[in-house]
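Trainee: Structure in structure tokens, see below.
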Amino acid sequence: MEDKVAKSLTQLVFEKIRSQGRISRSDVAKDLGVSPGSVTAAATALVDAGLVREASRTPRDTSRGRPPVDLCVVADARFVVGMNLRDGLNSAVLTDFVGTVLADCDLPSPPGRKTLDAICNEIETLLDALLNKAGLERADLSAVGIGLPGFVDHPRGQVHWSPILEDRRTLVGPILSDRLGCPVHLDNDVNLLALAELWFGMGRSRSNFAVVTIEHGVGMGLILDTQLYRGAKGMGLEIGHTTVQLDGALCRCGQRGCLEAYIADYALVREASTALEWDLRVARSPQQTLEILFDQAKAGNEAARLIFERAGRYLSRGLANVIQVFDPEFLIISGARLRYDLLYAEEVLAEMHKFSDRIGRDRTEVAINTWGDTVWARGAAALALSVLTDHVAAHPVPLDTHPASHRHAG
Ligand SMILES: [Zn+2]
């Protein structure tokens, strides 16, 4: 079980400063609803530890005493890496302590399931390429966050099942921490995408929102009261495997009638093979089949268009269910497949509203986000930063006694 220890005031002060960029002590106190004196004590500990610094504001009226002073996070106090692993492509970003991306790197990854050793080798190769690009060494890193598809137990660093890993119920986190020589934190990739939206994206000013992704599968991440919700067993939210059709199409999870079995890549490819009588053995790849299907639908092929329309109808029900169950203030639909705009047309959203509208409830605001691959890795960096922050901000050590201070103090 994950420890649910309440955060210390020092942690809360630190998080407020980072989320605001720069902010005065009195505004921190006001926002957190605590006394200015307690914020001053916490801020002093953070400044002494080299995690936060003071920045003078240009005074509007210099005749009235001292210019106001803001607090901001010391960007180069720590460095972390965030990585996203997926079928075909691994990506990574290096960020500073604020979360600013200093370097990024992508490397192709052979598709299909791999052994743990093969995945570890890919991770090390990617990490070294990234660090080489940034002119840093492994010893400069304070933490690495990694997102991957599947059922991931974040607190334990255990991967129960992943479409990219042969081994099951493996303690990947501790093994990687040993190999990389720094703490490695794992999580489900869609959880980390939700974290990226919260830290850097459309969710920055929101407290409660859901992210639904349509990629190779269908995933969901949920932010409740500005915290990532992982469920009781820390496994994430599998909207893709909720049933939308009794005795329906076979899903890759082994069950029938899952939402994913109607709208994911492989579902559309399967439909193409039956409705259009395409021989998939001669198709070059599922991705190419999908591209051809999309082009044909756009060019007016009725059967191809109906495949997207049907998928869209299932998607609208799935999204409406998310709204009915969670009542989020904001819903972000995200993923590489969003360019298949036939699937995400206005009608899908209209139908979603039709199935979720309730008297007295304002419509849930919906946004479609098509940002690229790097954001998944940024989410993993946010994970590394948040675990690191909880650790260092909970017990700030004065700079002159901190072993890492000699590297960054000058
Ligand atoms: Zn399923």
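The values are calculated or read from the model by the stated rules, or taken from the named source; none is laboratory data. As the structure is a prediction and not an experimental result, all values here were calculated from the model. All Cβ positions, even for glycine, are placed from backbone atoms using ideal geometry, and neighbour counts span all protein chains on display. For the accessible areas, the whole protein counts, side chains as well, though only heavy atoms, and no ligand, DNA or RNA atoms are used. Shrake-Rupley method; radii C 1.70, N 1.55, O 1.52, S 1.80 Å.
Trainee: State in Å² the accessible area per residue of the chain; use a 1.4 Å probe, count heavy atoms of protein chains only, and round to the nearest integer. Intermediate results must be reported in sequence, preceding the final value.
Mentor: Numbers: 19500 Å² over 410 residues.
Counting only protein heavy atoms, the per-residue value for the chain is 48 Å².
Trainee: Compute the FRET efficiency between ILE359 and ASP225 as 1/(1 + (r/R0)^6), taking r as their Cβ-Cβ distance and R0 = 22 Å, and round to the nearest 0.05. Present the calculation step by step, with values, prior to reporting the outcome.
Mentor: Values: r = 26 Å, r/R0 = 1.19.
Efficiency, from the Cβ-Cβ distance: 0.25.
Trainee: Kindly express, to the nearest 10 degrees and within the range 0 to 90, the angle between helix 36-48's C-alpha long axis and the longest C-alpha principal axis of the chain.
Mentor: Helix 36-48 and the main axis of the chain meet at about 90 degrees.
Trainee: Next up: Would you mind checking the tilt of helix 302-326 against the longest principal axis of the Cα atoms of the chain, expressed as 0 to 90 degrees and rounded to 10?
Mentor: Computed tilt is about 40 degrees.
Trainee: May I pose another question? What lysines does LYS114 reach when the alpha-carbon gap must be under 28 Å and sequence neighbours fewer than 8 apart in one chain are set aside?
Mentor: LYS133, LYS233
Trainee: What's the extension gain from ALA275 to ARG53 if we count 0.36 nm per residue and subtract their Cα-Cα distance?
Mentor: Values: separation 222, 0.36 × 222 = 79.92 nm, distance 6.31 nm.
Extending this stretch completely gives an extra 73.6 nm.
Trainee: Taking the alpha carbon gyration tensor of the range 21-154, what are the square roots of 5 times its eigenvalues, largest first, to the nearest whole Å? Walk me through the intermediate numbers first.
Mentor: Working: eigenvalues 346, 53, 31 Å².
Semi-axes, largest first: 42, 16, 12 Å.
Trainee: Would you mind checking which residues have amide H under 5 Å from ASP373's amide H? H placed 1.01 Å from N; only 5 or more apart, or other chain.
Mentor: Those qualifying (amide H under 5 Å, at least 5 residues apart or on another chain) number zero.
Trainee: A further question on this structure: Any chance you could give the angle, 0 to 90 degrees and rounded to 10, that helix 116-134 forms with the longest Cα principal axis of the chain?
Mentor: Approximately 50 degrees, to the nearest ten.
Trainee: Additional query: Can you give the helix-only mean residue ellipticity at 222 nm for the chain, where every DSSP H stretch with n ≥ 4 adds -39500 (n - 2.57) and the sum goes over all residues, rounded to the nearest 500 deg cm²/dmol?
Mentor: Helix contribution divided over all residues of the chain: -12500 deg cm²/dmol.
Trainee: If I stretch the segment between HIS395 and ILE368 completely, what's the gain in nm (0.36 nm per residue apart, minus their alpha carbon distance), one decimal? Mind showing how you got there, number by number?
Mentor: Details: separation 27, 0.36 × 27 = 9.72 nm, distance 3.97 nm.
Length gained between HIS395 and ILE368: 5.8 nm.
Trainee: Using amide H atoms built in the peptide plane, which far-off residues or other-chain residues are under 5 Å from VAL52 H to H?
Mentor: Residues meeting the amide H criterion: VAL47, VAL74.
Trainee: Pull up all non-local amide H partners of ASP167: gap of 5 or more, or a different chain, and H-to-H distance under 5 Å with H placed in the peptide plane.
Mentor: Long-range HN contacts for ASP167: LEU116.
Trainee: Project the alpha carbons of the range 156-196 onto their principal axes and report the range along each, largest first, in whole Å.
Mentor: 28, 24, 16
Trainee: P(r) of the chain in 10 Å steps, Cα pairs, percent per bin?
Mentor: Taking every Cα pair in the chain, the percentages come to 4, 20, 28, 24, 14, 7, 2, 0, 0.
Trainee: Here's another thing I want to ask about it. Hey, what do the phi angles of the range 355-369 turn into as Karplus ³J(HN,Hα) couplings, whole Hz, using 6.51/-1.76/1.60 and θ = phi - 60°, x for Gly and Pro?
Mentor: Once rounded to whole Hz, the list reads 8, 10, 5, 9, 4, x, 10, 5, 5, 5, 6, 10, 10, 10, 10.
Trainee: For the charge dipole of the range 79-169, defined by +1 on Lys and Arg C-beta atoms and -1 on Asp and Glu C-beta atoms about the Cα centroid, which residue among LEU116, GLY88, SER162 has the Cα displaced farthest towards the positive pole?
Mentor: Most positive-ward Cα: SER162.
Trainee: Turning to a different aspect of this structure: At a 1.4 Å probe radius, carbon and sulfur cover how many percent of the accessible area of the chain?
Mentor: Ligands and nucleic acids excluded, carbon and sulfur give 51 percent.
Trainee: Something else about it: Can you run phi through the Karplus equation (6.51, -1.76, 1.60; θ = phi - 60°) for the range 94-108 and list ³J(HN,Hα) in whole Hz, with x for Gly and Pro?
Mentor: 10, 10, 7, 6, 7, x, 6, 6, 9, 7, 9, 7, 10, 9, x
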